[in-house]
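Enquirer: Here it is, the structure in full.
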Amino acid sequence: MLSREQAFGQLRRNLELTGLQEQTVATRQRNVREVVAAQLKVTDAFLTGSYRRHTLIGPLRRADVDVMVVLDRSYRARGPRAVLDLVRDVLLAEYTRTPKISPNGQAVTITFSDFVIDVVPSFRLPWWSWNEGWEICDSSRETWIMTNPMKHVDISARANKTHSGDLVPRIKQLKRRFGNERGLTIRGARQGLDQSDGV
């Protein structure tokens, strides 16, 4: 019989992506970024969300990978829905055999056979803004949402370090337990972050 620590260690290992899955994710997200950059003026692109915070759990087919694509601000005047449609059209032209590519709130979701990539078009806040971060589309309200996923990554990394590297594995275990790989929020944590840090 396994001890409690051994059982948690085994669960931790079971929640990790395999090397092949990691390689597949890395290649696919890089290709998606290149496709968008080949057709649109992209000033930056980076991973965000659970993959970037190291809280993504297997099985990969039930997970999503978030890619933030920072566009030149000249596209912003088109409005949120039009920006999402523009990115969707670029992706549809390249991924003609992909089952589903569609706008989904703040992102364009590409549903591959093995996992999902959410491409989040964004605009860097202008230098004269009081806030650091990016604006992303809110297609339901046809407006922009301010966010700072880099701050989320930093806060997550610092909290994990404070807890001797045990926080990220515990988050993964909670995600597995409650079956909510796409959007688990530890009650109050995100709300406090959003209110206190202007994220």
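Every read-out reported here was derived from the displayed coordinates using simple, explicitly stated rules and does not represent laboratory data. Just so it is clear, the model here is predicted, and its values are computed rather than measured. For neighbour counting, all protein chains shown are included, and Cβ atoms are generated from backbone atoms with ideal geometry for every residue, glycine included.
Enquirer: Cα to Cα, under 28 Å, and not fewer than 8 places away if on the same chain: which lysines meet these conditions relative to LYS172?
Expert: LYS100, LYS151, LYS161
Enquirer: Only counting other Cβ atoms within 10 Å, I'd like GLU5, GLU142 sorted with the fewest neighbours first.
Expert: GLU5, GLU142
Enquirer: Measuring from a point 7 Å past the Cα of ARG73 along Cα-to-C-beta, which residues in region 130-150 have an amide N at less than 12 Å?
Expert: 130, 135, by backbone N distance to the label point.
Enquirer: Using Cβ counts within 10 Å as a stand-in for footprinting exposure, how do THR162, THR109 rank, fewest first?
Expert: THR162, THR109
Enquirer: Can you give me the distance in nm between label points at LYS161 and THR27, each placed 7 Å from the Cα along the Cα-to-Cβ direction?
Expert: 3.4
Enquirer: Going by amide H atoms built from the backbone, whose H comes under 5 Å of the H on ASN104, apart from near neighbours?
Expert: Sorted by chain and number, the residues that satisfy this are THR109.
Enquirer: Quick check on the exposure proxy: order ARG13, ARG97, ARG170 from fewest to most C-beta atoms within 10 angstrom.
Expert: ARG97, ARG13, ARG170
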